[in-house]
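**Q** If you scroll down you'll find the structure; I have some questions about it.
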Number of protein chains: 2
Amino acid sequence: MARAGLTVERVVAAAADLADEVGFENVTVSALARHFGVKDASLYSHIKNVQDLRTRLALLAGEEMIDHIAAAVAGCAGRDALAAFAGAYRTYALKHPGRYAATQIRLDQPLAADSRAMRRTAEITYGMLRAYGLEEPDLTDAVRLLRSTFHGYCALEAAGGFNASRDVRASWDKAVDALHTALEHWPREERREAQRKEKSPS
Amino acid sequence: MARAGLTVERVVAAAADLADEVGFENVTVSALARHFGVKDASLYSHIKNVQDLRTRLALLAGEEMIDHIAAAVAGCAGRDALAAFAGAYRTYALKHPGRYAATQIRLDQPLAADSRAMRRTAEITYGMLRAYGLEEPDLTDAVRLLRSTFHGYCALEAAGGFNASRDVRASWDKAVDALHTALEHWPREERREAQRKEKSPS
DNA sequence: CTCCTTACCTAGAGGTCCTAGGTAATACTC
DNA sequence: GAGTATTACCTAGGACCTCTAGGTAAGGAG
């Protein structure tokens with residue numbers, strides 16, 4: 001009986017491909033075993049359990065995605081960096097829906113939670129935003145806004161949440177423009193007070 | 001043998017509560033049957049299959065959520081309406097994580113896809129945005145931006161995606177402020193051209 | 001060529017989804 | 001209240017999934 005030559009890396013890589021094909025939630029040990037022409041029990045010498053497989057897949061996808069984004073952002077600043085980041089983010093999410101879904105699961109192992117990919121993502125995001133001259137806590141607020149919008153948009157688009165009446169790519173570009181505007185006119189305390197006074201008599 | 005008195009409505013309602021307890025993806029026919037003290041096969045006279053159960057749950061949650069939002073937005077306009085919408089959205093999503101997750105699944109039945117809840121949500125959202133004087137296609141773009149940010153933020157927050165270093169509620173308020181700013185300074189074609197000229201010599 | 005590691009196996013328990021066909025509790029009719 | 005129709009709920013069983021325990025054989029190291 002010829003061996004399939006399984007290793008953790010090959011198993012996780014195959015799981016990633018499978019995730020992009022059939023969806024992250026449909027990545028099953030059995031399906032993976034079928035893909036290798038092997039019994040499911042055989043995979044348990046390489047992975048601890050399904051949870052373990054998914055965590056490894058999430059880490060792989062996280063690394064891949066931030067590499068992709070970092071390459072796009074390199075050498076850009078300000079609005080260009082934002083557009084590059086956004087474009088690379090959406091491209092990856094749409095091209096690799098299963099891997100992208102994997103990046104969104106909660107990693108309960110605290111060791112995995114601050115992986116290299118996590119730290120790099122934070123670095124690049126905060127670095128990109130420094131051009132807008134924000135300071136804490138506004139910087140964190142802005143990061144959360146960007147992450148939310150990017151993730152929400154890609155999740156909705158991938159789930160078919162947008163009807164086809166308007167080009168989805170065009171809306172994305174507009175959203176990125178709007179975020180750029182929001183970052184440039186970031187609401188600071190004095191602005192908000194002023195606006196509140198302005199509208200209070202109404 | 002005393003009957004449990006099952007009906008479709010009771011089953012779906014119990015599924016909704018179960019979803020909020022254990023998460024939408026963990027709503028299973030078996031668990032639901034256990035909750036009623038009944039064999040799983042018995043539920044299949046009330047629901048077609050798991051997919052059917054989830055679709056019904058999604059429709060229920062969608063109705064509930066838009067009712068909650070509509071009540072909050074009633075009588076507000078402009079920035080207040082946006083804040084009320086956002087607040088009600090996030091409140092519901094955090095209070096009913098399972099139901100909220102249900103609202104995000106893809107409804108493949110075209111009949112269910114434009115349900116009453118869907119149409120009401122669209123009405124209320126577009127109505128809220130009319131105060132900003134946008135026209136198509138910018139209106140659709142703005143709706144997509146709001147949906148994305150709201151959904152993304154709640155999804156990330158519910159998944160524990162934000163660390164506790166900064167108050168999550170405060171970030172949310174800032175994000176809503178930023179969206180308001182973005183809507184007021186919505187990037188129109190002439191603005192973008194002007195900005196492009198402005199920065200092109202750099 | 002032997003030994004050791006390990007890739008892969010069989011067997012089996014337990015959970016989930018779902019169908020087919022049956023029994024009994026309720027509601028409806030007279 | 002007796003007979004009838006409806007349906008809530010049952011048992012039995014197949015298919016697929018996760019995961020454990022313990023075994024066999026393929027490959028490399030000496």
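**Q** For the list (1) within 13 Å of chain A (Cβ to nearest Cβ); (2) in a loop (DSSP other than H, G, I, E, B); (3) open to solvent by 30 Å² or more (accessible area, probe 1.4 Å), I need the number of the one condition that residue B:75 fails.
**A** (1)
**Q** Take the residues in the range A:14-34 that are in a helix (DSSP H, G or I) and within 12 Å of DNA strand C (Cβ to nearest atom), then tell me which one is surrounded by the fewest Cβ atoms within 10 Å (Cβ to Cβ).
**A** Here the residue is A:30.
**Q** Out of the residues in the range B:141-154 that are in contact (Cβ under 8 Å) with a residue 24 or more places away in the chain and under 8 Å from residue A:152 (Cα atoms), which is farthest from the other protein chains (Cβ to nearest Cβ)?
**A** Initial filter on the range B:141-154 (in contact (Cβ under 8 Å) with a residue 24 or more places away in the chain): B:142, B:145-146, B:149-151, B:153-154.
If we keep only those that are under 8 Å from residue A:152 (Cα atoms) too, we end up with B:149-151, B:153.
Working: B:149: 4, B:150: 7, B:151: 4, B:153: 4 Å.
The selected residue is B:150.
**Q** Separate question: If I filter the range A:95-104 for residues that are open to solvent by 50 Å² or more (accessible area, probe 1.4 Å), part of a helix (DSSP H, G or I) and within 14 Å of chain B (Cβ to nearest Cβ), do I get at least one hit?
**A** Yes, because at least one residue in the range A:95-104 is open to solvent by 50 Å² or more (accessible area, probe 1.4 Å), part of a helix (DSSP H, G or I) and within 14 Å of chain B (Cβ to nearest Cβ).
**Q** Continuing with the same structure: Let me confirm something: among A:31, A:15, which residue is within 16 Å of DNA strand D (Cβ to nearest atom), free of Cβ contacts under 8 Å to residues at least 24 places away in the same chain and not assigned by TED's automatic domain parsing to the domain that holds residue A:168?
**A** One residue alone meets the criteria, A:31.
**Q** Of everything in the range B:155-174, what is touching a Lys or Arg at 6+ places or on another chain (Cβ under 7 Å) and touching a residue at least 40 places away in the same chain (Cβ under 8 Å)? Give them in sequence order.
**A** Correct list: B:172 only.
**Q** Quick check: anything in the range A:82-93 more than 16 Å from DNA strand C (Cβ to nearest atom), outside any helix (DSSP H, G or I) and closer than 27 Å to residue A:127 by Cβ?
**A** no
**Q** I'd like to check something: does the range A:125-134 contain any residue that is among the basic types (Lys, Arg) and open to solvent by 30 Å² or more (accessible area, probe 1.4 Å)?
**A** Within the range A:125-134, one or more residues are among the basic types (Lys, Arg) and open to solvent by 30 Å² or more (accessible area, probe 1.4 Å).
**Q** Within the range A:35-58, track down each residue that is more than 8 Å from DNA strand D (Cβ to nearest atom), open to solvent by 50 Å² or more (accessible area, probe 1.4 Å) and within 14 Å of another protein chain (Cβ to nearest Cβ).
**A** Across the range A:35-58, the qualifying residue is only A:54.
The values are calculated or read from the model by the stated rules, or taken from the named source; none is laboratory data. The shown structure was predicted, so the numbers you read here are calculated from the model rather than taken from an experiment. Cβ atoms come from the backbone with ideal geometry, glycine included; neighbour counts cover every protein chain shown. Heavy atoms of the whole protein, side chains included, go into the accessibility calculation; ligands, DNA and RNA do not. Shrake-Rupley method; radii C 1.70, N 1.55, O 1.52, S 1.80 Å.
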